[in-house]
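A short worksheet on the structure shown next.
The values are calculated or read from the model by the stated rules, or taken from the named source; none is laboratory data. Given the structure is predicted, the values throughout are model-derived calculations rather than measurements. Every residue, glycine among them, receives a Cβ derived from its backbone with ideal geometry; neighbour counts consider all protein chains shown.
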Amino acid sequence: MSYERWFSTKLRFVVMVEPTGGQTLNECVFVLRASNFDSAFDRAISIGEASQKEYRNAYDERVFWRFMEVVSLDVIPFEDLDGREVYSELVHLGEEKLILFGTEFNPKSSKPVQTI
């Protein structure tokens, strides 16, 4: 049995609405195990392909979630993933949404949503 390592992968999907096309991208992060980078890439491709879907929306238009690409694939250098960061993204807010220095925050009042 080969030794498997943890990887994280960010996959990009486009939401296509017929007949217009795609104006929305969805980026998803998955955690997976594989014995090496090539195997992890193959697994990422399999996950992306399996995550594609199609349905009809409220306007009876066909909607397709299509797998576009593997954006990133990283080895997670830890065996115990409890509390480990697997994704990070800097978001530029711009001047109109500037958060003033000294602003107080209360993370305990957060109301997280479930995305899956």
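Structure values in brief
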| item | result |
| --- | --- |
| Positions within the stretch 82-116 being among the hydrophobic types (A, V, I, L, M, F, W, C) and either modelled with pLDDT of 85 or more or over 21 Å from THR9 (Cβ atoms) (or both), in sequence order | LEU93, LEU98, ILE99, LEU100, PHE101, PHE105, VAL113 |
| Single unsatisfied condition, ALA44 versus (1) surrounded by 13 or more Cβ atoms within 10 Å (Cβ to Cβ); (2) assigned to a strand (DSSP E or B) | (2) |
| Boolean, ARG66 is among the basic types (Lys, Arg) and surrounded by 12 or more Cβ atoms within 10 Å (Cβ to Cβ) | yes |
| Search result, residues across the stretch 63-116 that are under 30 Å from PRO19 (Cβ atoms) and among the β-branched types (Val, Ile, Thr) | VAL63, VAL70, VAL71, THR115, ILE116 |
| Residue check, LEU32 part of a strand (DSSP E or B), of a type in the set (A, V, I, L, M, F, W, C) and without any contact (Cβ under 8 Å) to a residue 40 or more places away in the chain | yes |
| So PHE78, is it of a type in the set (Phe, Trp, Tyr), modelled with pLDDT under 95 and exposed (fewer than 10 other Cβ atoms within 10 Å of the Cβ) | no |
| Where a residue in the stretch 1-21 is farther than 27 Å from VAL63 by Cα and its partner, wherever it lies, is part of a strand (DSSP E or B) and among the acidic types (Asp, Glu), with Cβ under 8 Å and at least six apart | PHE7/ASP74; SER8/ASP74 |
| ALA50, sole failed condition from (1) loosely packed, with under 10 Cβ neighbours inside 10 Å; (2) farther than 26 Å from VAL14 by Cβ | (2) |
| SER39 vs. criteria on the phi < 0 side of the Ramachandran plot, modelled with pLDDT of 95 or more and among the hydroxyl-bearing types (Ser, Thr, Tyr) | yes |
| Among residues of the stretch 52-109, those that are of a type outside the set (Phe, Trp, Tyr), in contact with a Leu (Cβ under 8 Å, 6 or more places away or on another chain) and touching a residue at least 40 places away in the same chain (Cβ under 8 Å), counted | 4 |
